[in-house]
Amino acid sequence: AKSRGRGNFQFFSRDMNAATHERLLLESRLWQALEQREFELYLQPQIDLPSGAVIGAEALLRWHHPELGTVGPDRFIPIAEESGLILPLGEWVLQRAIGLLGHWQTVGLGHLRLAVNLSARQCQGHGLLAQLDGMLADAGVDPALLELEITESAAMQDPERSRALLQALRARGIRVAIDDFGTGYSSLSYLKLFELDRIKIDRGFVKDIESDPNDAAIVSATISLAHALGLEVIAEGVETMAQADFLRAHDCDEAQGYLFARPMPPGQFERDTCATLDG
Ligand code: C2E
Ligand code: CA
Ligand code: CA
Ligand code: CA
């Protein structure tokens, strides 16, 4: 038993070393990545369910490293959060997103909204509102075209502070959405605490909507709850026609997912959306 225990320990520690090694490697390269302009925002269309029209997009961060290839945000956002890089990186994301909104006004796409993910640290810091004011004014962009997505767990780290932040955002006309709705551990009381524009139903509930009656019940109840509170609802991770049909039948306002389109480079998003508008 003793030798087996030691074997396990060695296995575990070798495993940890590999994880720690990757972490350190990614962390050191992340700081260079910002200077080397290796980040890009991909855009995934958001669809109005009744009409099928594209009403906007969610901005999703991508990191193209010359040797590591494309690294997904699930691998580097947690590292950026812990190391503090998320603050300059998050600022770059906002700058790029608001720049895109400004550009869209000049190419006939001025009606499209853009949703941007906010990290917990960005919500807790002091600079966010001033940053947003400056960027929106410089780009001449209507704040109502920008939506910020905040997860329940990020917002609940400091509820009082988040409440004030969300209120200040909405006072400027910036839209606020709760991301990954239903996956956190807090009660629904925050729906009363926070001023919101919409709720984003997590992919985890949408996935088995056709086969799992519990998921179907949760989704339809969430849509009713949101509407009763005067909020819009969008579902994420929609992959099949049957899922879209279910959501449409239950009055979900909007949807996003591989059924409609994968996240894509901004140029492609603009071409595709212009093509739809032309006919
Ligand atoms: P999220 O905000 O929940 O974003 C949705 C994720 O689901 C994205 O993964 C998207 O590509 C993926 N997705 C979209 N449609 C489908 C579908 O139909 N099926 C499946 N299986 N997946 C779908 P992605 O791009 O890898 O992003 C992962 C997470 O990284 C995001 O989850 C978000 O939490 C974080 N993230 C991405 N960009 C940013 C950013 O700019 N700032 C911050 N703070 N976090 C970001
Ligand atoms: Ca999101
Ligand atoms: Ca989400
Ligand atoms: Ca999610």
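The values are calculated or read from the model by the stated rules, or taken from the named source; none is laboratory data. Because the structure is predicted, anything quoted here is derived from the model rather than measured. Note: ideal-geometry Cβ built from the backbone for every residue, glycine included; neighbour counts use all protein chains shown. The area values use the complete protein model at the heavy-atom level, side chains included, leaving out ligands, DNA and RNA. Shrake-Rupley method; radii C 1.70, N 1.55, O 1.52, S 1.80 Å.
Looking only at the range 91-113, count how many residues are within 16 Å of ligand 2 (Cβ to nearest atom) and either without any contact (Cβ under 8 Å) to a residue 24 or more places away in the chain or over 21 Å from GLN46 (Cβ atoms) (or both).
The qualifying residues number 0.
Counting just the residues of the range 178-195 that are surrounded by 22 or more Cβ atoms within 10 Å (Cβ to Cβ) and within 22 Å of LEU129 (Cα to Cα), which one comes out nearest to ligand 4 (Cβ to nearest atom)? Steps first, answer last, please.
The first filter runs over the range 178-195 and keeps only residues surrounded by 22 or more Cβ atoms within 10 Å (Cβ to Cβ), leaving 178-179, 181.
Remaining after also requiring within 22 Å of LEU129 (Cα to Cα): 178-179.
Details: ILE178: 11, ASP179: 7 Å.
This residue is ASP179.
Can you tell me which residue in the range 62-80 is farthest from GLY127 (Cα to Cα), limited to those that are within 16 Å of ligand 4 (Cβ to nearest atom) and in contact (Cβ under 8 Å) with a residue 40 or more places away in the chain?
As a first pass, look at the range 62-80 and keep what is within 16 Å of ligand 4 (Cβ to nearest atom): 72-75, 77-78.
Adding the requirement that they be in contact (Cβ under 8 Å) with a residue 40 or more places away in the chain leaves 75, 77.
On the way: ARG75: 26, ILE77: 20 Å.
Filtering the range 62-80 for residues that are within 16 Å of ligand 4 (Cβ to nearest atom) and in contact (Cβ under 8 Å) with a residue 40 or more places away in the chain, the one farthest from GLY127 (Cα to Cα) comes out as ARG75.
One residue is enough: does the range 84-106 have a residue meeting the conditions assigned to a strand (DSSP E or B), open to solvent by less than 10 Å² (accessible area, probe 1.4 Å) and at pLDDT 95 or above?
Initial filter on the range 84-106 (assigned to a strand (DSSP E or B)): none.
Scanning the range 84-106 turns up no residue that is assigned to a strand (DSSP E or B), open to solvent by less than 10 Å² (accessible area, probe 1.4 Å) and at pLDDT 95 or above.
For the range 249-279, which residues satisfy the criterion of being β-branched (Val, Ile, Thr) and surrounded by 15 or more Cβ atoms within 10 Å (Cβ to Cβ)?
The one that is β-branched (Val, Ile, Thr) and surrounded by 15 or more Cβ atoms within 10 Å (Cβ to Cβ): THR273.
Right, ALA53: open to solvent by less than 20 Å² (accessible area, probe 1.4 Å) and either within 10 Å of ligand 1 (Cβ to nearest atom) or under 30 Å from HIS111 (Cβ atoms) (or both) or not?
Details: open to solvent by less than 20 Å² (accessible area, probe 1.4 Å): no; either within 10 Å of ligand 1 (Cβ to nearest atom) or under 30 Å from HIS111 (Cβ atoms) (or both): yes.
No, not satisfied.
Within 18 Å of ASP48 (Cα to Cα), open to solvent by 50 Å² or more (accessible area, probe 1.4 Å), within 16 Å of ligand 3 (Cβ to nearest atom) and touching a Phe, Trp or Tyr at 6+ places or on another chain (Cβ under 9 Å): is that true of GLU232 in this structure? Give the steps one after another, and end with the answer.
Details: within 18 Å of ASP48 (Cα to Cα): yes; open to solvent by 50 Å² or more (accessible area, probe 1.4 Å): yes; within 16 Å of ligand 3 (Cβ to nearest atom): yes; touching a Phe, Trp or Tyr at 6+ places or on another chain (Cβ under 9 Å): no.
Taking the combined requirement at face value, the residue does not satisfy it.
How many residues, within the range 135-155, are out of contact with any helix residue (DSSP H, G or I) (no Cβ under 6 Å at 6 or more places or on another chain), among the aliphatic types (A, V, I, L, M) and within 16 Å of ligand 3 (Cβ to nearest atom)? Explain how you work it out, then say what you get.
Residues of the range 135-155 that are out of contact with any helix residue (DSSP H, G or I) (no Cβ under 6 Å at 6 or more places or on another chain), as a first pass: 137-138, 140, 142, 144, 146-153.
Narrowing further to those that are among the aliphatic types (A, V, I, L, M): 137, 144, 146, 148, 150.
The next check asks that each one be within 16 Å of ligand 3 (Cβ to nearest atom); those that pass are 148, 150.
Number satisfying all stated conditions: 2.
From the set of residues in the range 180-198 that are within 16 Å of ligand 2 (Cβ to nearest atom) and in a loop (DSSP other than H, G, I, E, B), which is modelled with the lowest pLDDT? Give the steps one after another, and end with the answer.
Taking the range 180-198 as the starting set, the residues that turn out to be within 16 Å of ligand 2 (Cβ to nearest atom) are 180-184, 196-198.
Now narrow it down to the ones that are in a loop (DSSP other than H, G, I, E, B): 182-184, 196-197.
Details: GLY182: 87, THR183: 89, GLY184: 84, LEU196: 97, ASP197: 98.
So, considering only residues that are within 16 Å of ligand 2 (Cβ to nearest atom) and in a loop (DSSP other than H, G, I, E, B), the one modelled with the lowest pLDDT is GLY184.
Out of all the residues in the range 233-257, which are assigned to a loop (DSSP other than H, G, I, E, B), at negative phi and away from ligand 4 (no atom under 15 Å from the Cβ)? Lay out the reasoning, then the answer.
Going residue by residue through the range 233-257, those that are assigned to a loop (DSSP other than H, G, I, E, B) are 236-240, 250-253, 256-257.
Subset that is at negative phi: 236, 238-240, 250, 252-253, 256.
Those that are assigned to a loop (DSSP other than H, G, I, E, B), at negative phi and away from ligand 4 (no atom under 15 Å from the Cβ): THR240, HIS250, CYS252, ASP253.
Among what's in the range 199-211 and is within 16 Å of ligand 1 (Cβ to nearest atom) and in a loop (DSSP other than H, G, I, E, B), pick the residue that is least open to solvent (accessible area, probe 1.4 Å).
Of all residues in the range 199-211, those within 16 Å of ligand 1 (Cβ to nearest atom) come to 199-210.
Narrowing further to those that are in a loop (DSSP other than H, G, I, E, B): 202, 207-210.
On the way: ASP202: 26, LYS207: 121, ASP208: 56, ILE209: 5, GLU210: 108 Å².
Checking each candidate, the answer is ILE209.
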